[in-house]
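Undergrad: Let me give you the structure first, and then I'll get to my questions.
The values are calculated or read from the model by the stated rules, or taken from the named source; none is laboratory data. Everything quoted here is computed from the prediction, not taken from an experiment. A quick note on method: Cβ atoms are made from the backbone with ideal geometry, for glycine too, and the neighbour counts reach across all protein chains shown. SASA here: full protein model, heavy atoms, side chains in, ligands and nucleic acids out. Shrake-Rupley method; radii C 1.70, N 1.55, O 1.52, S 1.80 Å.
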Amino acid sequence: MSAANVAVVQGARRIVVKVGSSLVTNEGRGVDADAIDNWSRQLAALAAQGRELVMVSSGAIAEGMKRLGWASRPKELHELQAAAAVGQMGLVQMYETRLRAHGMASAQVLLTHADLADRERYLNARSTLLTLLSLNVIPVINENDTVVNDEIKFGDNDTLGALVANLVDADAYVILTDQRGLYSADPRKDPQARFIDVATAGDPALEQMAGGAGSSIGRGGMLTKVLAARRAARSGTSTVIAWGRESDVLLRLAAGEAIGSALVAGTAKLAARKQWMLDHLQLRGAVRVDAGAVAKLRDEGKSLLPIGVHEVEGDFVRGDVIAVRTRDGSAEVARGLANYSSTEARLIARKPSSQIEALLGYANEPELIHRTNLVLID
């Protein structure tokens with residue numbers, strides 16, 4: 001096994017873990033208390049090591065079916081959504097109870113892909129999750145199946161987990177499943193099938209192995225996991241796909257043991273985020289800042305506060321990528337995601353953050369651009 005697999009989780013401080021329905025339910029018959037206690041114990045132990053954990057968990061529909069007394073999975077959308085609404089109560093209650101028993105606080109977060117596609121909702125979700133992590137709270141995330149139909153239809157929590165990894169700048173994404181990992185072919189049909197211990201996320205050959213276009217393999221959702229790893233790699237997050245029934249799998253991965261298939265991001269996390277910012281050729285606007293603000297950005301790695309802004313250019317909304325320029329406009333210092341629109345920024349420019357609420361009637365954040373959403377221009 002390559003050392004790359006070891007480094008994926010062992011060196012990770014912020015980890016997103018995704019578990020499928022088969023791992024948190026009694027073969028689809030409702031939430032498995034022992035299984036969730038097992039995950040909670042491991043998450044608490046990792047948190048005690050100083051790591052930050054996010055859990056993306058399936059299982060709401062299976063639990064809802066049990067509570068409603070349904071023996072078979074319904075086909076009608078409104079019934080699936082009803083089962084998700086009922087089951088989510090039991091799922092999050094079990095996580096809260098078990099995590100608390102192991103000394104950890106938890107929070108429920110329901111997301112849809114649309115939440116992460118909209119710029120303002122993206123920033124809101126990111127701020128909430130990062131705040132929870134800073135408070136040593138473990139967010140338990142599920143798709144909002146009650147109101148969205150394509151997630152129910154496609155069972156796409158693998159992709160949701162990757163989007164969450166992008167959202168919080170995770171160091172590692174661990175997908176726990178009912179398979180050992182990725183093979184070069186279906187091992188049930190091909191005795192020469194080779195286990196893939198380490199590969200580069202996004203390699204088109206992996207999609208063929210997992211049952212992509214032109215392949216006749218197609219096995220149990222492995223393709224969605226390979227595609228999710230490719231998505232996570234866009235922000236520099238590497239992925240491990242491993243068998244969830246492996247004893248203490250999270251703790252052993254964190255200790256450096258090589259388990260499962262490691263799909264390693266080809267770009268470092270910071271470089272990937274910087275490249276994403278730099279790829280915005282059509283900027284919506286810019287702010288010109290004084291010399292003191294430039295020094296704090298460049299020399300101290302600080303956020304951009306409104307008080308340092310001398311002038312606002314263009315028309316932008318919260319979540320747009322904007323340029324940060326010197327006061328005379330001659331040089332671009334940085335780029336980042338704006339916490340306020342151009343109209344709001346003009347009202348709070350040259351003012352201390354303590355006055356934002358009085359000026360606007362509300363305060364999103366004290367920074368115009370938070371340092372985690374800002375990259376310096378070399």
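Undergrad: Please give me the summed charge of the neighbours of ILE377: other residues whose Cβ is under 11 Å from its Cβ, Lys and Arg +1, Asp and Glu -1. Mind showing how you got there, number by number?
TA: Numbers: positive: LYS274, ARG298, ARG325, ARG335; negative: GLU332, ASP378.
Net charge in that neighbourhood comes out at +2.
Undergrad: Still on this structure, I have one more. Before anything else, pin down the relative contact order of the range 267-377: Cα pairs under 8 Å, at least 6 apart, normalised by residue count, whole percent.
TA: Details: 220 pairs, mean separation 32.4, N = 111.
The normalised contact order for the range 267-377 reaches 29 percent.
Undergrad: Quote to one decimal, in nm, the extra length available between ALA268 and ASP290 on full extension: 0.36 nm per residue of separation minus the C-alpha distance between them. Each step should come with its number before you reach the end.
TA: On the way: separation 22, 0.36 × 22 = 7.92 nm, distance 3.14 nm.
Answer, rounded to one decimal: 4.8 nm.
Undergrad: I would also like to ask the following. What is the extension gain from ARG252 to GLN108, computed as 0.36 nm multiplied by their sequence separation minus the C-alpha to C-alpha distance, in nm to one decimal?
TA: Numbers: separation 144, 0.36 × 144 = 51.84 nm, distance 2.65 nm.
Between ARG252 and GLN108, full extension yields an extra 49.2 nm.
Undergrad: For the chain, modelled as a GNM with alpha-carbon contacts under 10 angstrom, which of GLY336, GLY260, GLY285 fluctuates the most?
TA: For the chain, modelled as a Gaussian network with Cα springs under 10 Å, the answer is GLY285.
Undergrad: What angle, in degrees between 0 and 90 and rounded to the nearest 10, separates the Cα long axis of helix 119-134 from the longest principal axis of the Cα atoms of the chain?
TA: It is inclined by approximately 70 degrees.
Undergrad: Right, something else. Run the accessible area of the range 249-378 with a 1.4 Å probe and give the carbon-and-sulfur part as a rounded percent.
TA: On the way: 3080 of 6140 Å².
After summing per-atom areas, the C and S share lands at 50 percent.
Undergrad: With an 8 Å Cα cut-off and a minimum separation of 6 or more residues, compute the relative contact order for the chain in percent. Don't jump to the answer; show the numbers that get you there.
TA: Working: 794 pairs, mean separation 56.6, N = 378.
Computed over the chain, the figure is 15 percent.
Undergrad: Right, here's the next one. Which lysines have a Cα less than 18 Å from the Cα of LYS66, not counting those fewer than 8 places away in the same chain?
TA: By straight Cα distance, LYS66 reaches LYS75.
Undergrad: Per residue, how much accessible area does the chain have with a 1.4 Å probe, in Å²? Walk me through the intermediate numbers first.
TA: Working: 16750 Å² over 378 residues.
Averaged over the residues of the chain, the accessible area is 44 Å².
Undergrad: Then there is this: Kindly provide the helix-only [θ] at 222 nm of the chain, computed as the sum of -39,500 (n - 2.57) over DSSP H runs of four or more divided by all residues, to the nearest 500 deg cm²/dmol? Spell out each step's value before the answer.
TA: Values: 16 runs with 156 residues, N = 378.
Per the formula, -12000 deg cm²/dmol.
Undergrad: What net charge do the residues around GLY329 carry, taking every other residue with its C-beta under 13 Å from that of GLY329, with Lys and Arg at +1 and Asp and Glu at -1?
TA: Details: positive: ARG288, ARG325, ARG327; negative: ASP290, GLU311, GLU313, ASP328, GLU332.
Residues close to GLY329 contribute a combined charge of -2.
Undergrad: Do you know the relative contact order of the range 32-102, to the nearest whole percent, from alpha carbon pairs under 8 angstrom that are 6+ apart? Before the final figure, lay out the partial values.
TA: Details: 67 pairs, mean separation 29.4, N = 71.
Relative contact order here is 41 percent.
Undergrad: Right, here's the next one. Between (1) -0.57; (2) -0.52; (3) -0.44, which entry matches log10 I(q)/I(0) by the Debye sum over Cα atoms at q = 0.09 Å⁻¹ as derived from the coordinates of this structure?
TA: (1)
Undergrad: Related question: Using DSSP to call loops (not H, G, I, E or B), can you name the trypsin sites (Lys or Arg not before Pro) in the range 159-205 whose Cβ has at most 10 other Cβ atoms within 10 angstrom? Don't jump to the answer; show the numbers that get you there.
TA: On the way: sites: ARG180, ARG188, LYS189, ARG194; in loops: ARG180, ARG188, LYS189, ARG194.
Passing both the DSSP loop test and the Cβ count: ARG188, LYS189.
Undergrad: Helix 77-101 sits at what angle to the longest principal axis of the chain, using alpha carbons and giving 0 to 90 degrees rounded to 10?
TA: 80 degrees
Undergrad: Related question: What longest range of the chain stays clear of loop-exposed GluC sites (Glu not before Pro) (DSSP non-H/G/I/E/B, at most 11 other C-beta within 10 angstrom)?
TA: Numbers: sites that count: GLU27, GLU76.
So the longest stretch without any such site is 77-378.
Undergrad: What's the local net charge at ALA201, with K and R +1, D and E -1, over the other residues with C-beta under 12 Å away? Mind dumping the intermediate values first?
TA: Numbers: positive: LYS225, ARG230, ARG231, ARG234; negative: ASP203, GLU207.
So the environment of ALA201 carries a net charge of +2.
Undergrad: Under a crude label model (7 Å from the Cα following the beta-carbon direction), how far is VAL317 from GLN93 in nanometres?
TA: 3.9 nm
Undergrad: In degrees between 0 and 90, to the nearest 10, how far off the longest principal axis of the chain does helix 222-233 point, with axes built from Cα atoms?
TA: Helix 222-233 sits roughly 20 degrees off the main axis of the chain.
Undergrad: Then there is this: Separation between the ASP118 and ASP186 pseudo-spin-labels, each 7 Å from Cα along Cα→Cβ, expressed in nm?
TA: If labels sit at ASP118 and ASP186, their model points lie 4.2 nm apart.
Undergrad: Another question, if that's okay. Work out, step by step, the length gained on full extension between SER127 and ARG346: first 0.36 nm times the residue separation, then minus their alpha carbon distance; give nm to one decimal.
TA: Extending this stretch completely gives an extra 76.6 nm.
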